[in-house]
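Asker: The following block contains the structure, expressed as structure tokens.
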Amino acid sequence: MVEPAASQVFDIAIIGGGINGCGIARDAAGRGRSVFLCEQNDLGSGTSSASTKLIHGGLRYLEYYEFRLVREALREREVLWGIAPHIVWPLRFVLPYHRKLRPRWLLRLGLFLYDNIGGRKLLPRTRSVNLHRDVTGGPLKPEFRRGFEYSDCWVEDSRLVVLNASAAASMGAIIAPRTKCVSAEKHGGIWDVTVAGPDGTRAVIQARTLVNAAGPWVDQVVQNVVRDNNRAPVRLVQGSHIVVPRLYEHDGCYIFQNDDKRIFFVIPYEQDFTLIGTTDQDYHGDPADVRASAEEIAYLCRSTSDYLKTPVTPDMVCWTYSGVRPLYAEHEQASGSAAQAATRDYVLKLDAAEGEPPLLTIFGGKITTYRRLAESVLAKLDPHLPAATGKSAGWTGTLPLPGGDFPRDGFDSQLAALERDYPFLPRKQLRRLLRLYGTRSQMILAGAHSSQDLGRDFGAGLSEAELRYLVQHEWARTAADVLWRRTKLGLRLDAPAQAALEEAMRGLVAELVPGPLAMPPSAVVARPTEIEHTR
């Protein structure tokens with residue numbers, strides 16, 4: 001547990017524990033910056049865990065001439081695959097040619113650009129596909145005869161968040177989930193940031209700069225925390241996904257077009273399921289209340305059924321999830337543009353009046369470009385901070401994230417080593433652990449000579465040893481943290497098993513941090529004149 005000195009002034013205070021906030025924390029801590037990050041809920045519990053789980057350039061953004069965004073995102077695919085091969089891996093996508101929608105020449109042109117503007121080195125290039133002969137055409141209706149196959153990457157999005165947070169904490173950053181920023185006031189060129197833990201206990205930390213990385217709550221921070229009367233130019237766009245039982249046997253993915261100009265993906269998911277999404281529609285209300293509507297579910301089912309031989313119906317849906325994207329919209333909403341046309345590029349607004357501490361506000365962004373966004377944030381803040389004493393800019397693209405210290409093509413050899421060392425565990429369980437934790441799987445399994453040594457099994461191979469790891473090293477505090485963000489075992493555990501897990505989590509958390517002021521790792525905060533503790 002890290003406790004700052006009573007007189008400490010942080011270089012950077014960050015509001016928001018999504019991918020942008022945690023990515024900034026990692027990069028800044030690696031450069032020798034002192035960092036405090038607070039998140040009102042669990043890490044990655046908002047938009048960052050509600051993506052389509054893709055590291056991609058965004059093929060459709062070419063239609064909106066977002067060439068800079070697409071180029072930057074394409075370059076990041078192989079970078080992220082290299083630093084996190086346990087949670088990032090390549091996928092192949094089939095785009096069927098639909099004779100009533102975009103012409104074939106336009107698809108060819110878009111995919112040519114996709115292959116050539118992003119510095120692709122390792123991912124396979126685009127190829128034409130005869131869908132009546134290729135295995136990927138099997139699930140499709142016979143009218144789809146031709147298509148194109150191209151590459152992008154998958155990511156376990158919520159794990160990408162927590163691994164960035166873990167890396168930041170290992171370099172001295174204070175990461176405080178379930179800690180809400182109540183107010184931020186300027187005093188003598190320094191920010192006084194008041195935060196409150198889950199029990200209401202408050203504390204104040206001081207920082208030279210403040211970053212608003214609150215995602216869809218960005219305007220609430222502007223209005224209620226910083227108390228700026230100017231509303232943030234943000235457009236909230238809801239994206240929903242559905243999960244159904246696996247629709248086909250092969251491992252390929254699909255990108256389908258709709259006649260409303262939207263596209264959506266159909267992707268094999270968690271071995272036994274298929275992920276379908278996303279939707280795009282303006283959202284009004286509290287982002288915490290977002291849910292997939294019956295209309296969105298019907299839309300995704302109907303759209304998928306337009307392409308597949310076997311219809312997809314709402315009664316097949318096992319799970320839905322929704323997120324709210326905070327898109328920059330200084331002009332888009334005024335012009336009445338469609339939600340899917342709003343830019344996904346990130347915009348950084350720096351308020352740095354002479355003699356006052358800077359505030360940097362983040363709008364938009366894609367999970368794919370979080371690392372580059374963090375570099376841009378630090379480039380804007382550096383002139384307002386003492387000289388950095390750590391790593392140079394760009395270091396985050398070469399040093400592996402926790403558990404990712406093995407070659408891109410080394411997953412199978414890592415799995416073989418686990419099977420050799422732990423022959424009493426099923427291959428499926430070992431594969432799941434390796435995909436989630438990489439080489440850190442050894443921290444869970446070390447010393448085990450039988451499955452009983454891992455403690456109670458809560459179902460689907462979720463052991464007490466894994467729970468302890470998640471509580472001690474990844475800030476997990478509830479069953480939902482484990483089932484839907486650290487893992488996706490909520491798809492496999494029934495209600496009684498989930499209730500048993502919740503009870504076990506309460507015991508583990510109390511065991512780790514007893515007492516009413518329970519604190520997660522690295523979450524002690526202080527005010528120079530008065531020390532309080534919170535989480």
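Asker: Thinking of region 1-148 as a set of Cα atoms, what percent of all their pairs are more than 29 Å apart?
Answerer: So the pairs more than 29 Å apart make up 38 percent of the total in region 1-148.
Asker: Work out the P(r) tail for region 411-512: percent of alpha carbon pairs separated by more than 25 Å, whole number.
Answerer: Summing the P(r) of region 411-512 above 25 Å gives 15 percent of all pairs.
Asker: Hey, another quick one. Over its Cα atoms, what ratio of radius of gyration to 2.2 N^0.38 Å does region 130-174 give?
Answerer: Relative to the rule-of-thumb radius for its length, region 130-174 sits at 2.20.
Asker: Below 8 Å, C-alpha to C-alpha, sequence gap of six or more: please give me the relative contact order for region 411-512 in percent.
Answerer: Details: 81 pairs, mean separation 20.9, N = 102.
In percent, rounded to a whole number, it is 20.
Asker: Quick one: which residues, 5+ away or cross-chain, put their amide H under 5 Å from the amide H of ILE14? H built at 1.01 Å from N.
Answerer: Under 5 Å from the amide H of ILE14: PHE36, LEU37, CYS38, VAL211.
Asker: Binned at 5 Å from 0, what are the whole-percent values of the Cα-Cα distance distribution for region 304-457, short to long?
Answerer: The distribution over region 304-457 is 1, 6, 10, 10, 9, 11, 12, 13, 11, 8, 5, 3, 1, 0, given as percents.
Asker: Still on this model: Where the only charges are on Cβ atoms (+1 Lys, Arg; -1 Asp, Glu), what is the dipole of the chain about its Cα centre, to the nearest 20 debye?
Answerer: 1720
Asker: Could you give the nm distance between label points at GLU502 and LYS100, where each point is 7 Å from its Cα heading toward the beta carbon?
Answerer: For the pair GLU502/LYS100, the computed spacing is 4.6 nm.
Asker: Rounded to the nearest whole Å³, what is the per residue volume of the convex hull around the Cα atoms of region 185-284?
Answerer: Roughly 195 Å³ of hull volume per residue.
Asker: For a footprinting-style exposure proxy, rank GLU464, GLU354, GLU156 by other Cβ within 10 Å, fewest first.
Answerer: If I rank by nearby Cβ atoms, fewest first, I get GLU354, GLU464, GLU156.
Asker: Another question, if that's okay. Rank ALA232, GLY455, LEU378 by how far each Cα sits towards the positive end of the charge dipole of the chain (+1 on Lys, Arg Cβ; -1 on Asp, Glu Cβ) and give me just the farthest.
Answerer: Of the options given, the answer is LEU378.
Asker: OK, next. Kindly state, as a whole number, the per residue volume in cubic angstrom of the convex hull around the alpha carbon atoms of region 350-436.
Answerer: 143
Asker: Can you find, among VAL162, THR361, PHE273, the residue farthest towards the positive end of the dipole of the chain? Put +1 on the C-beta of Lys and Arg, -1 on that of Asp and Glu.
Answerer: My answer, from the dipole projection, is PHE273.
Asker: Let me ask something else. What's the magnitude of the charge dipole for region 336-447 around its Cα centre, counting Lys and Arg as +1 and Asp and Glu as -1 at the beta-carbon? Answer in Debye, nearest 20.
Answerer: It works out to roughly 620 debye.
Asker: Can you work out the FRET efficiency for the pair LYS141 and PHE112, with r the C-beta to C-beta distance and R0 = 30 Å, to the nearest 0.05?
Answerer: For LYS141 and PHE112, the calculated efficiency is 0.65.
Asker: Follow-up. Which whole-percent values make up P(r) of region 78-220 when all C-alpha to C-alpha distances are grouped in 5 Å steps starting at zero?
Answerer: In whole percents, the pair-distance histogram is 2, 7, 11, 12, 12, 10, 9, 8, 7, 8, 7, 5, 2, 0, 0.
Asker: By how many nm would the segment from SER183 to GLU249 grow when fully extended, if each residue of separation counts as 0.36 nm and the alpha-carbon distance is taken off?
Answerer: Gain on extension, SER183 to GLU249, equals 18.5 nm.
Asker: Here is a follow-up. Lysines within cross-link reach of LYS53: Cα-Cα under 25 Å, excluding same-chain residues under 8 positions apart?
Answerer: Within the straight-line limit of under 25 Å, LYS53 reaches these lysines: LYS121, LYS261, LYS366, LYS428, LYS488.
Asker: Can you give the charge dipole size of region 61-127 about its Cα centre, rounded to the nearest 20 debye, using +1 on the beta carbon of Lys and Arg and -1 on the beta carbon of Asp and Glu?
Answerer: Computed about the Cα centre, the dipole is about 420 debye.
Asker: Could you work out the relative contact order of region 1-131? I mean the mean sequence separation of Cα pairs under 8 Å and 6+ apart, divided by the number of residues, in percent.
Answerer: 18
Asker: Cα convex hull of the chain: mean projected area in nm², to one decimal?
Answerer: Taking the Cα atoms of the chain, their convex hull projects to 24.6 nm² on average.
Read-outs: derived from the displayed coordinates by stated rules, not from any lab. All values derive from a computational prediction rather than experimental measurement. A quick note on method: Cβ atoms are made from the backbone with ideal geometry, for glycine too, and the neighbour counts reach across all protein chains shown.
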